[in-house]
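Notes to accompany the following structure.
Read-outs throughout are calculated quantities, based only on the coordinates presented, and are distinct from any laboratory measurement. Small disclaimer: the values here were computed from a predicted structure and weren't measured. Cβ placement follows ideal geometry from the backbone for every residue including glycine, while neighbour counts extend to all protein chains displayed.
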Ligand code: SF4
Ligand code: SF4
């Protein structure tokens with residue numbers, strides 16, 4: 001059987017059309033040369049994926065800032081969706097882009113991980129766009145950072161969208177004991193997986209699929225095991241790149257973001273997410289989700 005890899009790509013792009021006050025990329029512009037550099041990096045990455053026909057891939061774009069307002073990311077997703085050895089191409093987005101490009105993709109190979117930003121758009125407008133995407137047969141997860149001031153709006157988001165669209169909540173972990181019991185109960189009622197995100201999972205010395213069957217690629221083609229361990233382990237330009245992938249223990253104390261901890265072996269989250277792992281859509285029904293046990297401990301994290 002061909003090896004199957006989860007690849008997270010993040011090029012040099014670092015700008016966004018939205019203005020969230022806590023974000024370093026808010027309303028940040030880039031020069032023509034910077035944008036061209038990003039386009040060329042993405043093109044090299046796509047060419048590499050295209051040539052790897054003896055492996056299978058799921059690809060998730062995790063840009064700094066918003067990438068889907070750039071046509072080259074729309075075209076990249078379209079191109080990936082037609083590659084026979086790419087099972088899934090997904091991207092994190094604020095969903096502000098045009099949606100007509102989705103019609104040119106193989107809909108069942110594309111997925112969007114979309115985040116609602118209450119200061120930048122209205123609930124009604126955002127939900128309308130989510131439903132437009134779903135109507136095209138494209139898989140979409142929807143979520144929001146669980147700031148206390150947004151809890152009611154997050155409940156409205158859940159109530160507005162069809163039940164089959166999964167709504168996740170990213171716990172605000174920069175402040176220890178940020179939530180009281182009532183906040184947690186309300187957010188857990190929205191997202192049956194909130195408890196998994198509202199913790200930094202102890203990871204030092206733990207086994208992780210990151211660096212083994214999951215890895216990141218940056219604009220230079222450098223490979224890292226994940227976005228949270230900075231050491232470069234190889235480069236996609238090297239024909240022996242696959243040799244960089246091996247069993248390794250995590251060198252970090254803890255892992256607190258979904259795109260990281262979902263790969264921790266002891267959490268055993270692959271069966272839970274199934275084919276929706278990249279776009280963060282659980283494979284089992286909400287009723288079954290509620291049977292996943294709560295971890296004992298809660299700590300702080302930057303997101
Ligand atoms: S949409 Fe995302 S990248 Fe853009 S400003 Fe808001 S948080 Fe930052
Ligand atoms: S546990 Fe998290 S930080 Fe450690 S290797 Fe895995 S993804 Fe990276």
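Assorted remarks:
- Sorted fewest first by neighbouring Cβ atoms within 10 angstrom, 152, 216 come out as 152, 216.
- GNM flexibility winner over the chain from 182, 83, 264 (Cα, springs under 10 Å): 182
- Segment 4-289, relative contact order in percent, only Cα pairs under 8 angstrom and at least six apart counted: 17 percent
- Ranking of 245, 277, 204 by count of other Cβ atoms within 10 Å, fewest first: 204, 245, 277
- Normalised by the number of residues in segment 44-166, the average gap of Cα pairs under 8 Å and 6 or more apart makes the relative contact order 20 percent.
- For segment 114-226, averaging the sequence separation of C-alpha pairs within contact (under 8 Å, six or more residues apart) and dividing by the residue count gives a relative contact order of 19 percent.
- Shape of segment 1-121, Cα gyration tensor, a/c cut at 1.5: prolate
- Likely footprinting exposure, 199, 145, fewest C-beta neighbours within 10 Å first: 145, 199
- Cα shape, segment 70-208, gyration tensor, a/c 1.5 rule: oblate
- Within the listed set 21, 213, 115, the residue fluctuating most in the Gaussian network model of the chain (springs between alpha-carbon atoms under 10 angstrom) is 21.
- Mean projection of the Cα convex hull over all viewing directions, computed for segment 4-289: 14.4 nm².
- Most mobile listed residue (122, 93, 31) in the chain, GNM with C-alpha springs under 10 Å: 31
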